[in-house]
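Here's the structure we're looking at; comments come further down.
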Amino acid sequence: MHVVALIVAAGRGTRAGEGLPKQYRPLGGRPLLARTLRAFCSHPDVANVLAVIHPDDQPHYQMCADGLSKLLPPVAGSTTRQASVHAGLEALTETAPTHVLIHDGARPFAPPKMISRVVAGLAHHDGVLPSLAVTDTLRTRIDSFAGDTVDRSILVRAQTPQGFGYNAILEAHRAHQSKTFTDDVALAQRSGIQTQLVEGSEDNFKVTMPEDFDRAERFLSSARETRSGTGFDVHRFTDGDHVTLCGVSIPHTQSLLGHSDADVGLHAITDALLGAIGAGDIGDHFPPSDPQWKGAPSRVFLEHASRLLTERGGVIANIDVTLICEAPKIGPHRDAMRGAIAEIVGIAQDRVSVKATTTEGLGFTGRGEGIAAQALVTVQVPHQADSA
Ligand code: MG
C-alpha cells in the first residue's frame, strides 16, 4: 500500500471572523494547519502528505511545513472544495499512490488510531468513511415549533479523512467535474464506489467558527501537562564598553567575558527551557570548546531550545528572569528585553517578565565583578500518551 494524505486547506475561512485564514491561525501557539499536517506526517501508514492551499498563502504554509518530513510540494487549490480536491488528485499522477486519504485542513486532531482504522478499511474496500453515531434526538421543525422525530438509527455524522483507492476517486472526480457534491463520499457513490463505515472520533472536530477555536484551545490544554525548569548563569566583567543582556545591547563601562556574546540572561533562560523538557543544558548543545560559537549571538541558543520544545509539541507558558548586578541599571531597558525575548521564542510579551536586583554590595555581584541571572520557564507539553 502506498498511502498519500491529501489535506484540503485552500479555503479563505471567512466564517471564523477577520484576520488570517483560519487554517493559519494559532492554536496553542502553532498554526492550526501545522497540527493537521503533523498528524498525518507522523503516522506510520502515511507515505506522503500533499496540501492543497490558496496561492496567496504560500508564506503562511511554509511556516506550517517547517520541520516536517513526508511533505510533497503544495498544490494551488480552486474556488470550491471539490475542485481543490480534484487539483490535488491530478497532482499525484506521478507519485501514483495506491490510496489517498482526503482530509479537511480544519480538523487538526485526527487521532492516529482513527487514521489507522481508515487505512485498514482500504485493504478491503475502495471507499472508507470515518463516522459517528447521532446521539441527540432529531426532529423536524415547522417554523418555531417542533415537528416529528427523525429516526436517528439510519443516520451518521460524516468526518474525514475519507479514504479511497487512488485511481477510483481520481476517475470519479474527472467524471463529475460539472456537478457539485458536499464531500468525496457523495461523489464516489455517484461513481459506484461503495463506502465502508469505520468509527470516527469526537476529538476529530472541525474548527470553523470562532467558538470552535475556543473549544480547540480547551481540548489542547486538557491534553497537556505543565512542566518547569530553572536556569542560573554568571559571567565576569572584562574591559569593554557595552554588555548584552536579554538580547539588548546596553552601553556600559565594562563588558562581560564569555565565549559567545556572554548574554547571561539568555543563557539562564535557555538552561531553564532545556531543563523544563529534560534536554540537558546549554553546554551539551553548544560546547564552549566548539569554535563556531565564538562571539555568537546568544539568541541562537535560545532559538535552538525553543525549537526542541516545538518538536515535542510543547509551548511556553511564561518566562521569568532576574538579573543580579549593581550596574548597569536594568529598569530603562526592561521592556526592550521583554520584547526581545518574546520575539526570539515567538510568544506574547505579556508572558515574559524581566526583573533586576542588587545584592546590597555583597558577594561578587556586589563588588561589581560580574553579573548573574536566574530564570524560571514554564512550558506545556503533550501528555506522554498523546505524544507517543
Ligand atoms: Mg553563560
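The values are calculated or read from the model by the stated rules, or taken from the named source; none is laboratory data. Computed from a predicted structure; not experimentally measured. Cβ placement follows ideal geometry from the backbone for every residue including glycine, while neighbour counts extend to all protein chains displayed. The protein model used for the area step is the full one, side chains on, heavy atoms only, and it has no ligands, DNA or RNA in it. Shrake-Rupley method; radii C 1.70, N 1.55, O 1.52, S 1.80 Å.
Please count how many residues of the stretch 238-281 are assigned to a helix (DSSP H, G or I), more than 10 Å from the ligand (Cβ to nearest atom) and either within 15 Å of V345 (Cα to Cα) or in contact with a helix residue (DSSP H, G or I) (Cβ under 8 Å, 6 or more places away or on another chain) (or both).
First, the residues of the stretch 238-281 that are assigned to a helix (DSSP H, G or I): 264-276.
Now narrow it down to the ones that are more than 10 Å from the ligand (Cβ to nearest atom): 269, 272-276.
Cutting the leftovers down to either within 15 Å of V345 (Cα to Cα) or in contact with a helix residue (DSSP H, G or I) (Cβ under 8 Å, 6 or more places away or on another chain) (or both) gives us 269, 272-274, 276.
Adding up the residues that qualify gives 5.
Yes/no per residue for (1) touching a Leu at 6+ places or on another chain (Cβ under 9 Å); (2) free of Cβ contacts under 8 Å to residues at least 60 places away in the same chain:
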site: S306; (1), (2): yes, yes
site: P332; (1), (2): no, yes
site: A336; (1), (2): no, no
site: A342; (1), (2): no, yes
site: V352; (1), (2): no, yes
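Name every residue in the stretch 294-303 that is more than 11 Å from the ligand (Cβ to nearest atom) and either outside the structural domain of V264 (by TED's automatic domain parsing) or surrounded by 12 or more Cβ atoms within 10 Å (Cβ to Cβ) (or both), in order of residue number. Please lay out each step first, then the result.
To start, the set of residues in the stretch 294-303 that are more than 11 Å from the ligand (Cβ to nearest atom) comprises 294-297, 299-300, 302-303.
If the condition is that a residue be more than 11 Å from the ligand (Cβ to nearest atom) and either outside the structural domain of V264 (by TED's automatic domain parsing) or surrounded by 12 or more Cβ atoms within 10 Å (Cβ to Cβ) (or both), then A296, P297, R299, V300, L302, E303 are the ones that fit.
Filter the stretch 354-373 down to residues that are touching a residue at least 12 places away in the same chain (Cβ under 8 Å) and hydrophobic (A, V, I, L, M, F, W, C) and give me whichever is surrounded by the most Cβ atoms within 10 Å (Cβ to Cβ).
Filtering the stretch 354-373 for residues that are touching a residue at least 12 places away in the same chain (Cβ under 8 Å) and hydrophobic (A, V, I, L, M, F, W, C), the one surrounded by the most Cβ atoms within 10 Å (Cβ to Cβ) comes out as I371.
Any residue at all in the stretch 35-42 that's surrounded by fewer than 19 Cβ atoms within 10 Å (Cβ to Cβ), of a type in the set (S, T, Y), within 28 Å of K179 (Cβ to Cβ) and over 12 Å from the mean Cα position of the chain (by Cα)?
No: the stretch 35-42 contains no residue that is surrounded by fewer than 19 Cβ atoms within 10 Å (Cβ to Cβ), of a type in the set (S, T, Y), within 28 Å of K179 (Cβ to Cβ) and over 12 Å from the mean Cα position of the chain (by Cα).
Could you tell me how many of the residues in the stretch 304-333 are more than 16 Å from the ligand (Cβ to nearest atom), assigned to a helix (DSSP H, G or I) and within 26 Å of the chain's Cα centre (by Cα)?
If we filter the stretch 304-333 for residues that are more than 16 Å from the ligand (Cβ to nearest atom), which is where we start, we get 306-320, 326-333.
Narrowing the set further to residues that are assigned to a helix (DSSP H, G or I) leaves 306-311, 331-333.
When the remaining residues are screened for being within 26 Å of the chain's Cα centre (by Cα), the result is 306-311.
Of the residues in that region, 6 qualify.
Would you point out the residue of the stretch 216-237, among those that are within 14 Å of the ligand (Cβ to nearest atom) and open to solvent by 70 Å² or more (accessible area, probe 1.4 Å), that is nearest to the chain's Cα centre (by Cα)?
Taking the candidates together, the pick is F232.
Test A336 against the criterion of being surrounded by 17 or more Cβ atoms within 10 Å (Cβ to Cβ), of a type in the set (A, V, I, L, M, F, W, C) and under 35 Å from the mean Cα position of the chain (by Cα), and give yes or no.
Numbers: surrounded by 17 or more Cβ atoms within 10 Å (Cβ to Cβ): no; of a type in the set (A, V, I, L, M, F, W, C): yes; under 35 Å from the mean Cα position of the chain (by Cα): yes.
So A336 does not fit the description; no.
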